[in-house]
Amino acid sequence: MIPGTFDYHAPKTLKKAVSLLNEHEDAKILAGGHSLIPLMKLRFAAPAVVIDIGRVSGISRIRISDGHIQIGALTTHHTIGSNARLRRVCPVLPETANEIGDLQVRNRGTLGGSVVHADPAADWPAAMMALRASFEVAGPSGTREVSASDFFVDMMTTTIGDGEILSQIRIPEPPAGSGSAYAKMHQSASGFAITGVAAQLTLDESGNVSAAGVGVTGVAPIAYTASAVEDALVGKAPDEGAIAAAAALAADGVQDANEDHHASGEYRMHLATVLASRALASAAERAKS
Amino acid sequence: MKITGTHQISAARDRVFTVLTDPECLARVMPGCKGLESTGDGAYSIHLAAGVGPIKGEYAGTVQLTDIEAPSSYRMLVDAKGKTGFVKGEGKVELVEDGDATTVIYEGDVTLGGPVAAVGQRMHSSAAKLMTRQLFGAIEAEATAEEGEDVKHSIIRNTLRGLRSK
């Protein structure tokens with residue numbers, strides 16, 4: 001449980017972090033360290049250089065302005081989970097944050113670290129898909145913006161290049177009449193999602209769904225948008241029947257579902273439909289109030 | 001852990017069989033292959049840097065192809081070990097003509113041991129599927145390339161190819 005030797009850098013600016021990353025071969029970014037450090041202790045990962053971005057300024061703030069929620073990549077799960085304004089504006093974010101791991105993990109672990117690690121059982125990717133988040137990625141030649149649907153490529157694989165760092169996460173501010181929620185079945189030892197479903201509904205004046213976003217994690221190698229569920233709800237009143245009929249489509253089109261000794265692929269797909277209906281029911285409730 | 005599945009590749013069966021059994025081609029298409037040398041009689045020594053995302057391990061060992069019935073089937077035995085664990089497996093690969101394309105049917109049983117087996121358990125089956133997707137993505141590119149064309153392989157590229165050709 002002792003990592004191999006490595007060089008350590010702790011830059012204070014994002015620019016410096018990016019240039020260090022591009023100067024060194026086999027360098028890894030350290031944020032909260034709750035994925036990388038255990039891997040290094042087991043020597044499953046043995047980077048030659050670790051660049052700790054914990055002291056980089058400007059990437060650990062939550063801002064809600066100009067129709068966007070902007071969350072710095074270094075913001076901890078705890079900071080998001082305890083943000084009173086987010087709880088009002090976009091409850092699925094604090095709800096997801098508070099479902100992650102244990103207190104220690106939530107105090108150190110970061111939103112950016114979690115999405116970049118892209119664990120197939122991570123909680124955040126479901127909310128990122130449901131909320132149509134986009135990611136600002138800083139590289140040697142400036143920044144680029146990637147949508148959540150293009151960001152995740154495969155399990156533990158994203159479009160982030162070797163010389164790039166995720167800096168900000170942007171989410172469109174939910175319009176009036178919106179409600180959102182996260183429903184999850186967790187693995188009791190690790191707290192990881194066996195399956196998790198994030199949902200956001202926006203209702204029009206007559207109480208019908210004008211927009212729906214549903215993201216599912218834990219079932220497939222990467223989180224996905226359950227577009228069949230979304231399409232089935234738009235234009236309808238989100239009553240019990242409509243939600244049940246839509247939620248039944250939550251694992252539509254999934255091939256090769258994840259399976260391990262905790263849960264079979266079939267069970268995970270079943271959970272997706274059950275949890276989708278719970279998340280949608282809470283989201284509808286919140287949208288009405 | 002059982003690994004079974006089928007994958008369609010849009011190339012003729014002879015070509016796919018060559019890519020799957022020719023050491024030079026195999027070395028190019030295997031994810032993380034650092035070296036593959038024929039030691040005669042269908043046996044190869046292999047050096048792999050296998051892994052998913054930040055998890056990497058180097059493995060060295062042997063691959064033995066037996067019961068070779070070109071171009072339709074063969075059996076494969078794999079035995080490799082590294083610092084983070086060992087892998088042993090055996091399986092059967094069948095190639096079936098499907099019009100201009102070829103369907104590859106694979107069926108195998110793999111045993112993992114050591115730290116990688118003890119700790120990474122919830123990831124094994126997903127990781128195996130990911131590497132299979134990468135492998136077939138690369139085989140597809142290699143098999144459909146024009147003679148003499150230089151095919152570029154990278155993990156993301158091969159994954160995307162694997163997903164697209166599904």
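The values are calculated or read from the model by the stated rules, or taken from the named source; none is laboratory data. All figures in this text were calculated on a predicted structure; none of them were measured in a lab. Cβ: placed from backbone, ideal geometry, glycine included. Neighbour counts: every protein chain shown.
For the range A:132-183, which residues satisfy the criterion of being farther than 25 Å from A:D26 by Cα and either of a type in the set (F, W, Y) or within 13 Å of the chain's Cα centre (by Cα) (or both)? A:R132, A:A133, A:S134, A:S147, A:A148, A:S149, A:I169, A:R170, A:I171, A:Y182, listed by residue number. Being buried (at least 19 other Cβ atoms within 10 Å of the Cβ) and closer than 17 Å to A:A73 by Cβ is the filter here, so list the residues in the range A:104-121 that pass it. Residues satisfying the conditions are A:R106, A:G109, A:T110, A:L111, A:G112, A:G113, A:S114, A:V115, A:V116, A:H117, A:A118, A:D119. Every listed requirement among (1) over 27 Å from A:D162 (Cβ atoms); (2) more than 14 Å from chain A (Cβ to nearest Cβ); (3) touching a Gly at 6+ places or on another chain (Cβ under 9 Å) is met by B:A80 save one, (1). Can you name the residue in the range A:104-124 that is within 14 Å of another protein chain (Cβ to nearest Cβ) and in a helix (DSSP H, G or I) and is also nearest to B:G120 (Cα to Cα) among such residues? My answer is A:H117. If you go through the range B:112-150 and pick out every residue that is surrounded by fewer than 16 Cβ atoms within 10 Å (Cβ to Cβ) and more than 10 Å from chain A (Cβ to nearest Cβ), you end up with 8. Summed over the range A:203-228, residues that are hydroxyl-bearing (S, T, Y) and in a helix (DSSP H, G or I) total 1.
Does A:G101 count as surrounded by fewer than 23 Cβ atoms within 10 Å (Cβ to Cβ), touching a residue at least 60 places away in the same chain (Cβ under 8 Å) and on the phi > 0 side of the Ramachandran plot? Spelling it out, A:G101 is indeed surrounded by fewer than 23 Cβ atoms within 10 Å (Cβ to Cβ), touching a residue at least 60 places away in the same chain (Cβ under 8 Å) and on the phi > 0 side of the Ramachandran plot. Here A:L14, A:L74, A:L42 are screened, and the one residue that is within 22 Å of B:G53 (Cβ to Cβ) and touching a strand residue (DSSP E or B) at 6+ places or on another chain (Cβ under 6 Å) is A:L74. Is there a residue in the range B:52-59 that is surrounded by fewer than 19 Cβ atoms within 10 Å (Cβ to Cβ) and of a type in the set (G, A, S)? The answer is no; no qualifying residue exists. Scanning the range B:47-74 for residues that are in a strand (DSSP E or B) and aliphatic (A, V, I, L, M) yields B:L48, B:A49, B:A50, B:V52, B:I55, B:A60, B:V63, B:L65, B:I68. Candidates are the residues of the range A:174-190 that are under 16 Å from A:L275 (Cβ atoms) and touching a helix residue (DSSP H, G or I) at 6+ places or on another chain (Cβ under 8 Å); the one that is surrounded by the most Cβ atoms within 10 Å (Cβ to Cβ) is A:Y182. Please tell me if B:A49 is within 14 Å of chain A (Cβ to nearest Cβ) and either exposed (fewer than 14 other Cβ atoms within 10 Å of the Cβ) or modelled with pLDDT of 85 or more (or both). So B:A49 fits the description; yes.
Which condition from (1) in contact (Cβ under 8 Å) with a residue 12 or more places away in the chain; (2) assigned to a helix (DSSP H, G or I); (3) charged (D, E, K, R) is the one that A:R132 breaks? With (1) in contact (Cβ under 8 Å) with a residue 12 or more places away in the chain; (2) assigned to a helix (DSSP H, G or I); (3) charged (D, E, K, R) applied to A:R132, the lone miss is (2). Taken together, A:T217, A:T159 contain a single residue that is touching a residue at least 40 places away in the same chain (Cβ under 8 Å) and not hydrophobic (A, V, I, L, M, F, W, C), which is A:T217. Taken together, the residues in the range A:243-289 that are among the aliphatic types (A, V, I, L, M), assigned to a loop (DSSP other than H, G, I, E, B) and away from chain B (no Cβ under 14 Å) amount to 4.
Looking at the range B:33-46 only, could you name the residues that are crowded, with 17+ Cβ neighbours inside 10 Å and at positive phi? B:G42, the sole residue that qualifies. Note on the range B:132-166: among residues that are modelled with pLDDT of 75 or more and touching a Leu at 6+ places or on another chain (Cβ under 8 Å), the one that is nearest to B:D14 (Cα to Cα) is B:I139. Listed by first and then second residue, the pairs with beta-carbon distance under 8 Å, at least 6 apart or on different chains, first residue in the range A:178-193 and free of Cβ contacts under 8 Å to residues at least 12 places away in the same chain and small (G, A, S), second part of a strand (DSSP E or B) and buried (at least 18 other Cβ atoms within 10 Å of the Cβ), form an empty list. Consider the range B:71-95 and keep the residues that are among the aliphatic types (A, V, I, L, M) and over 15 Å from B:T4 (Cβ atoms). The one that is surrounded by the fewest Cβ atoms within 10 Å (Cβ to Cβ) is B:L77.
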